[in-house]
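First the structure, in the form of structure tokens, and then the observations on it.
The values are calculated or read from the model by the stated rules, or taken from the named source; none is laboratory data. All figures in this text were calculated on a predicted structure; none of them were measured in a lab. Here the Cβ positions follow ideal geometry from the backbone for every residue, glycine too, while neighbour counts run over all protein chains shown.
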Amino acid sequence: MPSSKEYLEFVLEQLSDLEDINYRKMMGEYILYYKDKIIGGVYDDRLLIKQTDKAKEMIRDLVYELPYENAKPMLLVDVDDKSFLTNLCKAIYDELPYTKKKNKN
């Protein structure tokens, strides 16, 4: 089931205290970027973030879920606490790789 635009908008509102949050729609789901790094995405109306050491420290009850079949597990995040989400994204930022630029050749 693809994610709803309404759920994406709710997640983006919860992340609105961060500067430079963007998303890209991909196959009915949404990849989330924070300052040009992929932090996770919205999959089947769930916010999943990449596994990092900081994320594992900060999230009290770790729940691993697959964003789609044959993908690497990601961490399910409760989106109700805006302050926690903001702090989580800031904390994991340095552990994430920069997005690779694709050549247009």
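Test M58 against the stated conditions and say whether it is modelled with pLDDT under 95, among the aliphatic types (A, V, I, L, M) and out of contact with any Cys (no Cβ under 6 Å at 6 or more places or on another chain). No; evaluated as a whole, the condition is false for this residue.
Say whether the condition of being modelled with pLDDT of 95 or more, under 13 Å from the mean Cα position of the chain (by Cα) and under 13 Å from I39 (Cα atoms) is met by at least one residue in segment 62-75. Yes, that holds for at least one residue. Determine if segment 81-96 includes at least one residue that is among the charged types (D, E, K, R), within 28 Å of K5 (Cβ to Cβ) and touching a Leu at 6+ places or on another chain (Cβ under 7 Å). Looking for residues that are among the charged types (D, E, K, R), within 28 Å of K5 (Cβ to Cβ) and touching a Leu at 6+ places or on another chain (Cβ under 7 Å), one finds none in segment 81-96, hence no. Of the candidates K100, K90, the single residue that is touching a residue at least 40 places away in the same chain (Cβ under 8 Å), closer than 22 Å to D20 by Cβ and either surrounded by 12 or more Cβ atoms within 10 Å (Cβ to Cβ) or out of contact with any Ser or Thr (no Cβ under 7 Å at 6 or more places or on another chain) (or both) is K90.
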